[in-house]
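S.K.: One structure, as structure tokens, below. Some questions next.
What follows is calculated from the coordinates using simple rules that are stated; it is not laboratory data. Small disclaimer: the values here were computed from a predicted structure and weren't measured. Reconstructed Cβ throughout: ideal geometry from the backbone, glycine too, with neighbour counts over all protein chains shown.
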Amino acid sequence: MTAETQEKPKSYLAQLIDTGAHQRLLAFASLIILLVGFSIVSPNFMQTSNMIAILQATSVNGVLAIAATLVIITGGIDLSVGTLMTFTSVTAGVVLTKAGMPLPLGVISAVAMGAFCGLCSGFFVAKMKIPPFIATLGMMLILKGLSLVVSGTRPIYFSDTPGFDQISRGSLIGEIIPSVPIPNGVLILFIVAIVASYILGRTVLGRYCFALGSNEEAVRLSGVNTDRWKMAIYALAGAICGIAGILIASRLNSAQPALGLGYELEAIAAVVIGGTSLSGGRGTILGTLIGALIMAVLTNGLRVLSVAQEWQTVVTGAIIILAVYADMARRRKT
Amino acid sequence: MLLRRTLMGVISAAALVATSPAAFAQDEIYIPLISKGFQHQFWQAVQAGAEQAAEEFGVRITFEGPDNETMVDRQIDMLAAALANNPAAIGFAALDSRAAIPLLRQAHEAGIPIIAFDSGVDSDIPVTTATTDNRAAASLAADMMAEAIGGTGQVAVVAHDQTSRTGIDRRDGFLDRIAEAYPDIEVVTVQYGAGDQLQSTEVANAILIANPDLAGIFGTNEGSAIGVVNAVRERAATGVVIIGFDSGLAQTTAVREGIMTGAITQNPVGIGYETVRAAVAALNGEELPEIIDTGFFYYTAENIDDPEIAAVLYE
């Protein structure tokens with residue numbers, strides 16, 4: 001299952017087609033079917049404003065899911081992505097609102113704080129040999145607590161930082177093409193996806209990411225400092241969570257310290273729907289992106305259909321199981 | 001293939017669940033209510049009131065809210081989805097009103113009246129707010145506490161949170177009234193249990209251990225009050241007066257058994273009812289007051305079965 005990632009001679013494109021292309025096709029087809037299905041059933045579904053609402057709803061979960069994908073490919077898991085997002089948004093709140101620093105510094109501080117916390121998780125996992133599930137569970141709680149401590153348990157508003165809400169809510173695309181006012185948050189999601197995809201497919205870091213997930217022992221025995229690469233990947237995932245922190249803070253124009261718990265599970269759900277294996281060594285950013293979109297389309301569509309809320313949750317759970325089952329069934333055949 | 005087929009199945013099933021005639025009828029009046037939650041009994045009582053009004057006025061409503069009260073962004077997604085459904089009016093109980101303003105403005109510009117319910121929205125967009133005067137209600141709780149402990153002694157507060165409007169108003173309403181009217185009562189501590197029964201139990205336990213002479217505890221919502229009851233039971237702390245807030249079976253039982261002296265109840269059915277009624281009135285172009293006070297009552301073992309009280313208590 002991991003052979004394709006270790007065979008060097010294949011081109012990047014060939015690798016892309018090989019690794020989970022079927023799953024992505026399947027996921028993509030499901031996404032289209034969901035979109036068409038909902039449009040047929042509800043005349044209100046397929047409106048530009050609703051499509052933008054769906055994309056906007058995807059942006060934060062999508063970015064978190066990308067962070068989770070990187071860690072999951074290494075064979076780890078990151079339960080702290082949700083509260084790390086919260087903590088970085090609180091960090092930006094402190095830097096911008098409480099210290100009155102200029103906007104770019106706020107963004108940089110959030111991303112840097114994300115990278116630092118990710119590095120800590122990576123240290124716990126790689127150097128202290130704590131299982132990723134436990135290390136990041138601990139980190140999840142630490143960060144939830146710290147968010148409340150640092151913010152003084154009150155939301156921090158960005159009303160004094162003009163332009164902050166435009167990071168996610170504004171629309172550069174809409175200024176050029178007024179008929180498609182796609183919010184910047186969505187644009188940022190796609191940029192993060194492209195960069196992460198490039199890192200995974202084209203850089204040494206990406207190659208070790210897959211290798212660690214496939215056979216860490218072999219990588220270590222071949223003389224690679226696996227600890228260092230693992231920590232780098234957790235730090236990168238943390239930095240991406242920092243971007244998610246900016247996105248959500250900008251969207252709410254406030255840093256909400258109590259938020260974040262439960263978001264890690266939605267991110268992981270998007271990752272597995274997108275065909276990334278929880279046992280590591282295999283996965284794609286594109287798949288994760290589609291997974292996040294499927295979740296957002298499903299939630300929004302069921303809402304627009306006024307399906308009772310209890311059932312929305314049931315359906316989402318069923319979809320996760322079906323998606324993973326379909327992926328495994330296909331894999332057994334090939 | 002499998003996924004595709006099953007997805008189709010899910011969609012058609014969803015369509016069946018979705019009472020499809022309603023989804024198509026464009027001429028009926030549709031009023032979505034976006035609440036702070038949907039699982040809590042309080043919100044179910046609000047929903048019941050809203051449904052009662054919907055039937056009475058011949059409008060269609062939907063009622064939804066996020067899984068818990070921290071999910072500010074999820075509530076905004078819900079508001080966005082509600083807007084896509086061409087609503088006639090929207091009922092909205094904001095978790096963080098400032099975060100929702102861009103969407104509310106969008107609705108306002110589209111000529112959709114917004115009725116705030118339960119807690120206010122810091123903006124002039126909502127045509128009215130159907131809510132309990134939480135400050136006055138908590139102030140009444142302070143009076144009742146003072147009466148029950150004889151106007152002197154130590155009391156504590158177990159509050160549900162320190163960020164929401166209701167959390168702040170109930171805490172401050174109680175504290176201010178004690179400070180202003182009862183110089184012999186000392187509030188030893190205010191602790192927060194997130195409205196969660198278990199957390200509030202732990203918090204109340206700690207308060208009881210730290211303050212052996214405590215005369216009374218005020219729990220500021222259903223979860224907090226039940227937590228206090230649990231702790232007093234666990235520690236067998238006799239002689240501690242408990243004043244609660246809201247109702248629910250566990251709380252009304254505690255009041256009947258006498259372990260809880262009494263509780264303030266809002267009128268959740270009234271909140272739901274008034275929200276929909278106000279939406280219909282706004283659509284008919286009627287003038288509405290800025291705030292519709294939906295009222296509150298103090299109930300004890302004596303008056304719990306009075307028709308006026310029983311009507312607003314929920315199980």
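S.K.: Could you tell me what percent of the DSSP beta bridges with both partners in the stretch B:235-315 are antiparallel, to the nearest 5? Walk me through the numbers before you get to the answer.
M.R.: Details: 5 of 8 bridges.
Here the share of antiparallel DSSP bridges comes out near 60 percent.
S.K.: What is the set of long-range amide H partners of B:ALA130 at a cut-off below 5 Å, with H atoms built 1.01 Å from backbone N?
M.R.: B:ALA116, B:PHE117, B:ASP118, B:ILE292
S.K.: Along Cα→Cβ, 7 Å out, is where each label goes; now give me the distance between the ones at A:TRP311 and A:LEU265 in nm to one decimal.
M.R.: 2.2
S.K.: Specify which residue in the list B:MET71, A:SER279, B:VAL269 is farthest towards the positive end of the charge dipole of the protein assembly as shown, using unit charges on the beta carbon of Lys, Arg (+1) and Asp, Glu (-1), about the Cα centre.
M.R.: Most positive-ward Cα: A:SER279.
S.K.: Only helical DSSP H runs with n ≥ 4 go in: add -39500 (n - 2.57) per run for the protein assembly as shown, normalise by residue count and round the 222 nm mean residue ellipticity to 500 deg cm²/dmol.
M.R.: Working: 27 runs with 398 residues, N = 649.
-20000 deg cm²/dmol, from helical runs alone.
S.K.: Just grab the label-to-label distance for B:ILE291 and B:ALA110, each label 7 Å out from Cα along the Cβ direction, in nm (one decimal).
M.R.: 3.0
S.K.: Further question: Going by average Cβ neighbours within 10 Å, how do the peptides B:111-122, A:113-124, A:250-261, A:172-183 rank, with the highest at the top?
M.R.: On the way: B:111-122: 21.8, A:113-124: 23.8, A:250-261: 25.7, A:172-183: 12.8.
Sorting B:111-122, A:113-124, A:250-261, A:172-183 by mean packing, highest first, produces A:250-261, A:113-124, B:111-122, A:172-183.
S.K.: If you don't mind, there's one more thing I want to ask. Specify the inter-centroid distance of the stretch A:207-268 and the stretch B:233-308, based on alpha-carbon positions, in whole Å.
M.R.: 46
S.K.: Taking the Cβ of each residue in A:VAL324, B:VAL46 as the centre, tally the other Cβ atoms inside 10 Å and list the residues starting with the fewest. Intermediate values should be presented prior to the final figure.
M.R.: Values: A:VAL324 17, B:VAL46 34.
By the 10 Å Cβ count, ascending: A:VAL324, B:VAL46.
S.K.: Hey, another quick one. How long, wide and thick is the stretch A:11-333, going by the Cα atoms along their three principal axes, in whole angstroms, largest first?
M.R.: Largest first, the stretch A:11-333 extends 53, 51, 40 Å along its Cα principal axes.
S.K.: Something else now. State the volume of the convex hull built on the alpha-carbon positions of chain B, expressed per residue in Å³ and rounded to an integer.
M.R.: Values: hull volume 48.4 nm³, N = 315.
Once divided by residue count, the hull of chain B is 154 Å³.
S.K.: To continue, here is another question. Work out, in µm²/s and without decimals, the Stokes-Einstein translational diffusion coefficient of the stretch A:234-334 at 37 °C, 0.692 mPa s, Rh from Kirkwood over C-alpha pairs.
M.R.: On the way: Rh = 15.3 Å.
It comes out at roughly 214 µm²/s.
S.K.: Got a sec to turn the phi values of the stretch B:188-204 into Karplus ³J(HN,Hα) couplings, 6.51 cos²θ - 1.76 cosθ + 1.60 with θ = phi - 60°, whole Hz, x for Gly and Pro?
M.R.: Whole-Hz 3J(HN,Hα) from phi for the stretch B:188-204: 7, 6, 10, 10, 10, x, 6, x, 8, 4, 5, 4, 5, 4, 4, 4, 5.
S.K.: Return the long-range amide H neighbours of B:THR62 (sequence gap of 5 or more, or a different chain), with a cut-off of under 5 Å between placed amide H atoms.
M.R.: So B:THR62 has HN proximity to B:ILE31, B:LEU33.
S.K.: Towards the positive end of the charge dipole of chain B, with charges on Cβ (+1 Lys, Arg; -1 Asp, Glu), say which of B:ILE114, B:ALA80, B:PRO102 has the farthest Cα.
M.R.: Selected residue: B:ALA80.
S.K.: Something else: Can you give me the long-range amide H partners of B:TYR314? Hydrogens built in the peptide plane at 1.01 Å from N, cutoff under 5 Å, separation of 5 or more residues or another chain.
M.R.: Placed amide hydrogens put B:SER247, B:GLY248 under 5 Å from B:TYR314.
S.K.: Next question, about the same structure. For B:75-83, what's the mean count of beta carbons from other chains sitting within 10 Å of each residue's beta carbon? Intermediate values should be presented prior to the final figure.
M.R.: Details: counts 0, 5, 10, 5, 1, 9, 14, 4, 5.
Partner Cβ neighbours, averaged per residue: 6.
S.K.: Using θ = phi - 60° and the Karplus relation 6.51 cos²θ - 1.76 cosθ + 1.60, list the HN-Hα couplings for the stretch B:215-223 in order, rounded to whole Hz, with x at every Gly or Pro.
M.R.: Going residue by residue, I get 9, x, 10, 10, x, 8, 8, 4, x Hz, with x marking Gly and Pro.
S.K.: Quick one: Karplus J couplings for the stretch A:272-284, per residue in order, coefficients 6.51, -1.76, 1.60, θ = phi - 60°, nearest Hz, x for Gly and Pro?
M.R.: Running phi through 6.51 cos²θ - 1.76 cosθ + 1.60 with θ = phi - 60° gives 6, 4, x, x, 7, 7, 5, 8, x, x, 8, x, 9 Hz.
S.K.: Same structure again: For a protection proxy built on the mean count of beta-carbon atoms within 10 angstrom, sort A:189-195, B:197-203, A:292-298, B:240-246 highest first, please. Walk me through the numbers on the way to the answer.
M.R.: Details: A:189-195: 17.7, B:197-203: 20.3, A:292-298: 24.7, B:240-246: 26.7.
Put in order of decreasing packing, that is B:240-246, A:292-298, B:197-203, A:189-195.
S.K.: Also: Round to a whole angstrom and tell me the spacing of the C-alpha centers of the stretch A:281-334 and the stretch B:116-183.
M.R.: A separation of 44 Å, based on Cα centres.
S.K.: Only Lys, Arg, Asp and Glu count, each charged at its Cβ (+1, +1, -1, -1), so figure out the dipole size of chain B about its Cα centre, rounded to 20 debye. Don't skip to the end; give the middle numbers.
M.R.: Numbers: 16 positive and 42 negative charges, 214 e Å.
Once rounded to the nearest 20, the dipole reads 1020 debye.
S.K.: Any aspartates and glutamates with Cα under 16 Å of the A:LYS98 Cα? List them, leaving off those in the same chain fewer than 8 positions away.
M.R.: A:ASP160
S.K.: Picking from A:MET140, A:VAL125, A:ALA318, whose Cα lies most toward the positive end of the charge dipole for chain A (charges on Cβ: Lys, Arg +1; Asp, Glu -1)?
M.R.: A:VAL125
S.K.: Return the average number of partner chain Cβ atoms within 10 angstrom of each residue Cβ along peptide A:242-254. Before the final figure, lay out each step's value.
M.R.: Working: counts 0, 0, 0, 0, 0, 1, 3, 1, 0, 5, 9, 6, 4.
Averaged over the peptide's residues, the number is 2.
S.K.: So if I place +1 on the C-beta of Lys and Arg and -1 on the C-beta of Asp and Glu, and nothing else carries charge, what would the dipole magnitude of the stretch B:134-266 be about its Cα centre? I want it in debye, nearest 20.
M.R.: Result for the stretch B:134-266 is approximately 180 debye, rounded to the nearest 20.
S.K.: On a C-alpha basis, how far is the centre of the stretch A:67-143 from the centre of the stretch B:31-54 in Å? Whole number, if you could?
M.R.: Between the Cα centre of the stretch A:67-143 and that of the stretch B:31-54, the gap is 37 Å.
S.K.: Could I ask something else about it? To the nearest 0.05, what FRET efficiency results for A:ILE134 and A:SER222 with a Förster distance of 35 Å applied to their C-beta separation?
M.R.: On the way: r = 28 Å, r/R0 = 0.79.
Step by step, r from the Cβ atoms, then E = 0.80.
S.K.: Also: Within 10 Å of each Cβ of A:39-51, how many other protein chain Cβ atoms are there on average?
M.R.: Details: counts 0, 2, 9, 7, 5, 10, 4, 1, 4, 0, 5, 5, 1.
Neighbouring Cβ atoms belonging to other protein chains average 4 per residue here.
S.K.: Could you order peptides A:97-107, A:161-171 by the average number of other Cβ atoms within 10 Å of their residues, highest first? Mind dumping the intermediate values first?
M.R.: On the way: A:97-107: 14.9, A:161-171: 18.2.
Top to bottom by mean Cβ count within 10 Å: A:161-171, A:97-107.
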